[in-house]
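Derivation of every value follows stated rules applied to the coordinates shown; laboratory data play no part. Quick caveat, the model's predicted, so the values are computed rather than measured. Positions of Cβ are generated from backbone atoms using ideal geometry, with glycine treated the same way; all protein chains shown enter the neighbour counts.
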């Protein structure tokens, strides 16, 4: 992944310039000077909940100017400095405190708070060189032990209450710098959120100086189905959302975001710490920013402290009972749900430990799944999901006690209504030990499926001794005897005998029920009979194809673990060119929407080709300008024609690198 440094700040950028100082006045610090300065300074643990390499570390650094009434520039001000940290950031992180800030206060155990007391630091405008401060930060906290865990933000704070600030971050190094002119909680969390939470400013200015791109809290489009926070928008809220009294406290799509006045949308009109509205330290995090904080905390912190047994591969001989336990970080209030699965079957929930007796079969897989089902998150993958962490043990039994034969399953289908196109699907089971349980891909747990239509149906069968077996039933459209008509229709779709319908849609005006849809019909034979469908049409349940199951042709790539990916993994393409393909099975021929969830590489905007069954499509798939992975996923979409059965669908580079694929 290429290096990317994002910078976001308040209009009060003179403060950051003061922090970086006038480069003409000072020489670059040597490493010896930096080491000496660290030796004279004190890193004060104000609130330390765990190992720095597995926490979001915020370090408050004292700063002063000659205009301060009580500047942080003498040894007797150390106590005041620590007290101010406790009454600002620590209070904001403390659930139940009147100054607590949701969602930060729910995740106090995910944060370490330090004070970096430097009594010999020069006055503000004669202060430490920016590169020197970076070097101090890196010497104290880097390198990290793990690829995705740990973060540190240095926040420069004078002894004042009011003023703006600025922030910078390097998402790949997982470090940030921030400056505030006062120690108000609102301003403090605003700048901290720029860094570790990757949240941008939501206010507007006359001059932008930045490009516009979608993030967790910003969108370029206002269509409901394309907005990443759509689950928070009430059905009656118009989009784009007007700045009118009845909507000012609602979630919508308000025009004006991240310095841009037009064509860039934010979720709220006012009152968010990230800048929607005024800045007076009375703001709170809006629902969309709270959602981001609640998810991002799990990106940077591994909640698992310890497990019993510690080893994850266990070998036994015959029957044996084993105790399992997981010690983990919890939010406050505790919104985590703990579930235990043995070979895919839920065997316990709501407990951090249990005993499991093994013996009958040769292989077991035990998973402890911990999901944070906080109301701060409204799941809408891949943009929002409940954080989930799993611990897995594999138990190999060299002397199974059961004499049951291996479990096998196949499926049998029967057309029970030829006119209606309905089928029954029956699993055929042999071996194993009854009773059996069934789990179908459409959610059914019945022994067989009745009156189902064309589709792909998978079933997982489990016996009483936890053996599992899978089978699939593919009911194609051609089994209805209509395949020839379908192919003929596609071949002759441009002829006058086929019907073409164009819909002219006029949206309702705000607060008026005057919308209209006018149909223009050509072809076929008039008069026409029109039947309107009252429900929203859906293609069906979306099927997620993971990179781990793809055929990958790239010079260098890696499957990496990252909780916010669809199945906790994504494909790091290493900036290379090549192709990624999947086998996609559909039950009937037709056009299907294909969404590619991507992010995490520096692209200024690019296109890739899409190939279906070896044929390159005329249209290309466009990838927007992308940021590092941590700022969020984006979606590229196009429709392709798939034949019934298995199709080879591939994304092929087109002279530019492929982004990382979720």
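General remarks:
- Burial ordering of 225, 42, fewest other beta-carbon atoms within 10 Å first: 225, 42
- For the pair residue 528 and residue 583 in one chain, pulling the backbone fully straight at 0.36 nm per residue adds 15.8 nm over the alpha carbon distance.
- Hull-based mean projected area of region 252-328, where the convex hull spans the alpha carbons, in square nanometres: 9.3 nm²
- Over all pairs of different C-alpha atoms, region 28-196 has a mean inverse distance whose reciprocal, the Kirkwood radius, equals 16.1 Å.
- One chain, two ends: residue 637 and residue 618. Fully extended at 0.36 nm per residue, the span grows by 5.4 nm beyond their Cα-Cα distance.
- Separation in nanometres of the label points that stand 7 Å from Cα toward Cβ, at residue 646 and residue 558: 3.1 nm
- Projected label distance in nm at residue 332 and residue 30, using a 7 Å step from Cα toward the beta-carbon: 4.8 nm
- Relative frequency of Cα-Cα separations exceeding 20 Å in region 287-362, percent: 46 percent
- With each label modelled as a point 7 angstrom along the Cα→C-beta vector, the residue 410-residue 472 pair spans 1.7 nm.
- Rg to Rh quotient for region 315-452, alpha carbon positions, Kirkwood Rh: 1.08
- Which of 155, 239 has the fewest Cβ neighbours within 10 Å, and the rest in rising order: 239, 155
- Alpha-carbon spread of region 218-283, three principal axes, descending order, Å: 34, 23, 19
- Packing-based exposure ordering (other Cβ within 10 Å, fewest first) of 295, 285, 133, 638: 638, 133, 295, 285
- 10 Å binning of all Cα-Cα separations within region 64-139, expressed as whole percents from 0 upward: 17, 35, 33, 15, 0
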